[in-house]
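Student: Shown below is the structure under consideration.
The values are calculated or read from the model by the stated rules, or taken from the named source; none is laboratory data. Small disclaimer: the values here were computed from a predicted structure and weren't measured. Positions of Cβ are generated from backbone atoms using ideal geometry, with glycine treated the same way; all protein chains shown enter the neighbour counts.
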């Protein structure tokens, strides 16, 4: 079945098709219409789920931590300041190895007060132990929700599915909605090995002495490392069943390219248009879309970028005092390699400022025309 859906409604359909059992809801722009649509699904009987209205995002995460401990498939959504308020609870969810799925609609953090997109909110949570998956379009959003539950319930780590505010959340596209029975075959009911059960009492979230704490963190890291191959297998299985795959990274026109641009989120779609036009003019530019940010798919990125002389990284974010975060990750991926590309780190589009084809083309030409970056942070699109 095909329908015209916004990115936020695509999220809601993905959650419904995944037969989520507990939803915690707290509204924050531009995420609000996700939980509004899920509320409608629950009220009209399309989804049999406990819909919990809470007083804050901190409580939203606390609620689904509790429900996940009981073995219930659980979901919430947030943005920006709301995600920041959850920060403490994100550590509890990941440390407890709970297979939650949360959507974060990327929105800039204040001040100044801003409801438009950049990646600062989700990337500021990169060390909490959550898998992070970034989506390019609304079909990918819906499909990624379904895949995310299967990945999370395999590796026992929570997943944050990320989409751009307004460019996806409130923009509508034609979406293929999978058949519910087909999704049931792909994503069966979750049966955890351990759960809170009054008939078999167990303790959770207890005090952990130095004798055991480090080993728990080691196992979390091993779970992250396992996630790369699990996500690939899940994506391949999804492709066989539904005819669509995304990969954890996606190269585009990288063969024989003189430079490769690295993107994530909706900037990727605009970059493809620019790159196709430049190839028509004889300018060989490739594109690498990074979907999975945590765990960072180092080997897959090396496989695409090894032998490339120069790489331009488009960051819609900044780590203050250092630079664009994806550029940092690319540099660290190659730091111990004998051959490594020169990395040009571009910061643009903060607070929802348009990343136009002209802006992307400017970044490409800076990468092509210089042997090395003139500065560690190359700001594109500043006014004045």
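Student: Answer yes if at least one residue in segment 339-347 is exposed (fewer than 14 other Cβ atoms within 10 Å of the Cβ), without any contact (Cβ under 8 Å) to a residue 60 or more places away in the chain and not assigned by TED's automatic domain parsing to the domain that holds residue 145, and no otherwise. Even if it seems obvious, please write down each step before you answer.
Tutor: Narrowing segment 339-347 to residues exposed (fewer than 14 other Cβ atoms within 10 Å of the Cβ): 339.
Filter again for without any contact (Cβ under 8 Å) to a residue 60 or more places away in the chain, leaving 339.
Restricting the remaining residues to those that are not assigned by TED's automatic domain parsing to the domain that holds residue 145 gives 339.
Yes: segment 339-347 contains one or more residues that are exposed (fewer than 14 other Cβ atoms within 10 Å of the Cβ), without any contact (Cβ under 8 Å) to a residue 60 or more places away in the chain and not assigned by TED's automatic domain parsing to the domain that holds residue 145.
Student: Could you run through segment 359-378 and say how many residues are without any contact (Cβ under 8 Å) to a residue 60 or more places away in the chain and surrounded by 12 or more Cβ atoms within 10 Å (Cβ to Cβ)?
Tutor: 9
Student: Next up: Just to be sure before I move on: is residue 97 surrounded by fewer than 24 Cβ atoms within 10 Å (Cβ to Cβ), modelled with pLDDT of 95 or more, assigned by TED's automatic domain parsing to the domain that holds residue 204 and in contact with a helix residue (DSSP H, G or I) (Cβ under 8 Å, 6 or more places away or on another chain) in the structure I sent?
Tutor: Against the criterion (surrounded by fewer than 24 Cβ atoms within 10 Å (Cβ to Cβ), modelled with pLDDT of 95 or more, assigned by TED's automatic domain parsing to the domain that holds residue 204 and in contact with a helix residue (DSSP H, G or I) (Cβ under 8 Å, 6 or more places away or on another chain)), residue 97 qualifies.
Student: Checking residue 236 against (1) touching a strand residue (DSSP E or B) at 6+ places or on another chain (Cβ under 9 Å); (2) part of a helix (DSSP H, G or I); (3) surrounded by fewer than 18 Cβ atoms within 10 Å (Cβ to Cβ), only one condition comes out false. Which one?
Tutor: Condition not satisfied by residue 236: (1).
Student: Let me ask something additional. Quick one: would you say residue 20 is farther than 14 Å from residue 79 by Cα and either in a loop (DSSP other than H, G, I, E, B) or not assigned by TED's automatic domain parsing to the domain that holds residue 187 (or both)?
Tutor: Spelling it out, residue 20 is indeed farther than 14 Å from residue 79 by Cα and either in a loop (DSSP other than H, G, I, E, B) or not assigned by TED's automatic domain parsing to the domain that holds residue 187 (or both).
Student: Answer yes or no as to whether residue 250 is touching a strand residue (DSSP E or B) at 6+ places or on another chain (Cβ under 8 Å) and either at pLDDT 95 or above or not in a helix (DSSP H, G or I) (or both).
Tutor: Criteria met by residue 250.
Student: Can you find a residue that is assigned by TED's automatic domain parsing to the domain that holds residue 223, in contact with a strand residue (DSSP E or B) (Cβ under 6 Å, 6 or more places away or on another chain) and surrounded by fewer than 22 Cβ atoms within 10 Å (Cβ to Cβ) anywhere in segment 75-88?
Tutor: Taking every residue of segment 75-88 in turn, none turns out to be assigned by TED's automatic domain parsing to the domain that holds residue 223, in contact with a strand residue (DSSP E or B) (Cβ under 6 Å, 6 or more places away or on another chain) and surrounded by fewer than 22 Cβ atoms within 10 Å (Cβ to Cβ).
Student: Here's something else I'd like to know. Check residue 241 against each of (1) touching a residue at least 24 places away in the same chain (Cβ under 8 Å); (2) in contact with a strand residue (DSSP E or B) (Cβ under 8 Å, 6 or more places away or on another chain) and name the one condition it does not meet.
Tutor: Unmet condition: (2).
Student: I'd like to verify a number: residues in segment 41-92 that are closer than 20 Å to residue 127 by Cα and in a strand (DSSP E or B), how many?
Tutor: Here the count works out to 3.
Student: Next question, about the same structure. Which members of segment 278-294 meet the condition of being over 17 Å from residue 326 (Cβ atoms) and either in contact (Cβ under 8 Å) with a residue 40 or more places away in the chain or outside the structural domain of residue 255 (by TED's automatic domain parsing) (or both)?
Tutor: Of everything in segment 278-294, those that are over 17 Å from residue 326 (Cβ atoms) and either in contact (Cβ under 8 Å) with a residue 40 or more places away in the chain or outside the structural domain of residue 255 (by TED's automatic domain parsing) (or both) turn out to be 278, 283, 285.
Student: Can you tell me which condition residue 268 does not meet? The list is (1) in contact (Cβ under 8 Å) with a residue 60 or more places away in the chain; (2) in contact with a helix residue (DSSP H, G or I) (Cβ under 6 Å, 6 or more places away or on another chain); (3) under 17 Å from residue 138 (Cα atoms), and all the others hold.
Tutor: (2)
Student: Would you confirm, using the coordinates I've provided, whether residue 230 is part of a helix (DSSP H, G or I), touching a helix residue (DSSP H, G or I) at 6+ places or on another chain (Cβ under 7 Å) and either exposed (fewer than 11 other Cβ atoms within 10 Å of the Cβ) or in the same structural domain as residue 136 (by TED's automatic domain parsing) (or both)?
Tutor: yes
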